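Notes follow the structure.
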């Protein structure tokens with residue numbers, strides 16, 4: 001596709017992002033909505049392939065059903081001059097393979113956070129009967145904010161319509177395929193969970209569990225090989241976290257996690273102290289492909305052996321000898337025919353009785369299967385599927401069987417009908433709008449319903465500290481709370497605080513004020529005619545701005561120094577109070593009655609250069625030295641996302657010079673050792 005061409009006059013191609021088996025992927029610009037989008041355009045050599053077109057449209061239809069913050073959204077489907085195209089959300093970031101390469105090793109908490117978001121996406125797909133079939137790091141995207149987006153449902157198929165591979169070839173990437181995919185057997189939702197077990201292995205070790213010279217060799221290892229231990233790569237990995245991998249990658253479907261929700265719940269508590277001494281997980285079922293020992297048949301004898309005579313090859317059979325004349329016909333010979341008839345009748349009656357006896361079968365375990373899968377299994381057991389009722393379920397995904405009646409293990413007659421209870425999925429409700437609400441309370445409420453909640457912080461002049469500014473899930477989006485992973489942006493309050501007049505306030509009130517705005521309170525004492533234990537001066541002054549984390553210095557009255565000097569102290573106190581309220585003054589008297597030196601106020605506007613990338617926050621530390629502060633202590637810490645200006649105020653004695661420096665990533669980026677008024 002030529003750069004600059006506009007599909008349907010709307011989606012202008014900007015550059016090529018990649019090429020796939022059936023479609024090429026482009027970055028495009030939506031000329032109407034003014035935003036970047038991803039366009040998948042079917043390859044020109046497949047435009048006349050009806051099967052390929054059906055498959056391409058099936059991908060589009062599958063994606064339209066999936067609405068989840070961790071799944072790449074589809075915006076539009078169309079055709080331009082015979083070219084089939086699909087317009088999707090553009091994710092500005094990288095795939096998980098690249099992310100791991102750049103950021104390995106990841107913390108265990110970050111690994112779990114990534115996996116939880118992937119599982120939320122897979123759970124949503126499974127709830128709509130869609131199996132991804134090709135889950136791998138290359139199909140999992142990470143945006144610049146660290147959010148996960150699962151993409152490429154190009155070979156996904158509605159499980160209710162088709163569960164077998166469409167050809168004899170293996171589908172999906174061989175390093176991540178399940179044992180049932182490797183042998184070309186039925187693929188279920190648990191096949192996706194196996195692939196995610198491999199992804200988790202890779203996130204923890206930066207290695208793949210199985211390697212080989214050919215795809216067949218690797219596939220055989222998935223089918224037959226034992227899963228290596230991640231603890232061989234990193235002995236610090238908790239056994240409980242390795243157990244999630246072992247459970248997800250069990251060869252037997254019975255031993256493997258039944259649903260993405262079940263795997264997510266286990267992963268959620270993997271780092272819990274209560275699981276610190278967990279033993280290694282082992283499967284309970286005999287794995288497929290194990291050698292079965294047959295019973296010894298040497299002691300069994302064919303009932304026909306006593307009735308069969310052996311003939312030697314190449315010899316003539318001797319003639320029977322002349323029978324001697326039989327004695328006079330006895331009773332049996334006289335009644336031969338009637339007795340023979342009676343025997344035949346008796347035999348027929350016995351055979352009829354045996355045939356009329358009811359044949360029996362054992363009801364198999366149908367839990368986790370779709371109705372179509374259960375119907376096939378029951379047919380093999382000479383049973384039939386009966387009525388179907390639907391029931392909401394936290395454990396089983398949409399269209400999976402919850403239970404059967406009679407239940408599994410029950411012995412029934414051949415041909416019996418087995419009723420099934422099928423999951424209607426989780427009850428979905430509108431997520432709700434939490435903007436402006438207290439984060440701690442919202443987090444507590446949502447986690448009670450099983451949601452996973454993450455927090456980001458941001459300064460805000462509009463929202464009070466601790467309240468929610470924004471949320472990653474739209475308020476009207478229908479969700480199942482137990483499957484939700486949501487990120488809230490929480491206010492840190494205003495970045496700069498306009499100081500109020502604290503003179504005359506008690507120390508407890510000033511301390512509460514400092515705590516509210518994250519200020520470091522510095523307390524000094526001085527004799528004064530003002531009421532004891534009240535504030536007689538403050539710095540910075542009322543009406544000036546101070547950044548969060550800055551120092552607020554106040555002087556606390558100790559009462560009059562002595563009765564003889566009360567008048568003088570009172571005069572000095574009033575003069576100090578008057579001077580403190582005049583925030584624009586450049587010269588003021590010391591609040592200490594014992595000092596007569598003159599102090600001056602100097603200010604410097606400092607520009608801190610931004611050294612980060614793409615707006616990611618960088619920590620800048622400011623050190624300041626004056627009459628009050630020491631250059632050895634941090635004066636203020638900032639999180640900057642661009643070049644930032646800060647106004648620094650210095651209290652200096654006469655003939656004293658102030659100093660300051662700004663440190664970013666361990667390097668001094670700005671400094672001045674001669675600050676004067």
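Listed by position, the helices (runs of 4 or more DSSP H) enclosed by segment 303-398 include none that has at least 2 residues that are modelled with pLDDT of 55 or more and assigned by TED's automatic domain parsing to the domain that holds residue 189.
Considering segment 518-566, the qualifying strands (runs of 3 or more DSSP E), each wholly inside and each with 3 or more residues that are in contact with a strand residue (DSSP E or B) (Cβ under 6 Å, 6 or more places away or on another chain), modelled with pLDDT of 85 or more and closer than 18 Å to residue 648 by Cβ, run over 551-557. If you go through segment 163-182 and pick out every residue that is modelled with pLDDT of 75 or more and either in a loop (DSSP other than H, G, I, E, B) or within 22 Å of residue 374 (Cβ to Cβ) (or both), you end up with 6.
Of all the listed residues (215, 219), the sole one being modelled with pLDDT of 80 or more, over 23 Å from the mean Cα position of the chain (by Cα), assigned by TED's automatic domain parsing to the domain that holds residue 100 and surrounded by 19 or more Cβ atoms within 10 Å (Cβ to Cβ) is 219. When residue 508 is tested against (1) more than 26 Å from residue 110 (Cβ to Cβ); (2) without any contact (Cβ under 8 Å) to a residue 40 or more places away in the chain; (3) surrounded by 15 or more Cβ atoms within 10 Å (Cβ to Cβ), only condition (3) is not met. Using the structure shown, decide if residue 185 is at pLDDT 90 or above and either assigned by TED's automatic domain parsing to the domain that holds residue 265 or touching a helix residue (DSSP H, G or I) at 6+ places or on another chain (Cβ under 9 Å) (or both). No, not satisfied. Of all residues in segment 490-504, those satisfying the criterion of being out of contact with any helix residue (DSSP H, G or I) (no Cβ under 8 Å at 6 or more places or on another chain), surrounded by 15 or more Cβ atoms within 10 Å (Cβ to Cβ) and farther than 22 Å from residue 650 by Cα are 491, 492, 493, 494.
Only residues that are under 19 Å from residue 392 (Cβ atoms) and assigned to a loop (DSSP other than H, G, I, E, B) were counted in segment 403-450, giving 8. Taken together, the residues in segment 91-105 that are more than 25 Å from residue 35 (Cα to Cα) and either crowded, with 23+ Cβ neighbours inside 10 Å or touching a helix residue (DSSP H, G or I) at 6+ places or on another chain (Cβ under 6 Å) (or both) amount to 1. Here residue 638 does not qualify as over 30 Å from residue 534 (Cβ atoms), part of a loop (DSSP other than H, G, I, E, B) and modelled with pLDDT of 80 or more.
In segment 423-441, the residues that are in contact (Cβ under 8 Å) with a residue 60 or more places away in the chain form Cβ pairs under 7 Å with partners that are surrounded by 12 or more Cβ atoms within 10 Å (Cβ to Cβ) and not in a loop (DSSP other than H, G, I, E, B), at six or more places apart or across chains, as follows: 425/127; 426/482; 426/483.
As for segment 238-246, it holds at least one residue that is in contact (Cβ under 8 Å) with a residue 60 or more places away in the chain and outside any helix (DSSP H, G or I).
The values are calculated or read from the model by the stated rules, or taken from the named source; none is laboratory data. A quick note: this is a predicted structure, and the numbers were derived from the prediction, not measured. Cβ: placed from backbone, ideal geometry, glycine included. Neighbour counts: every protein chain shown.
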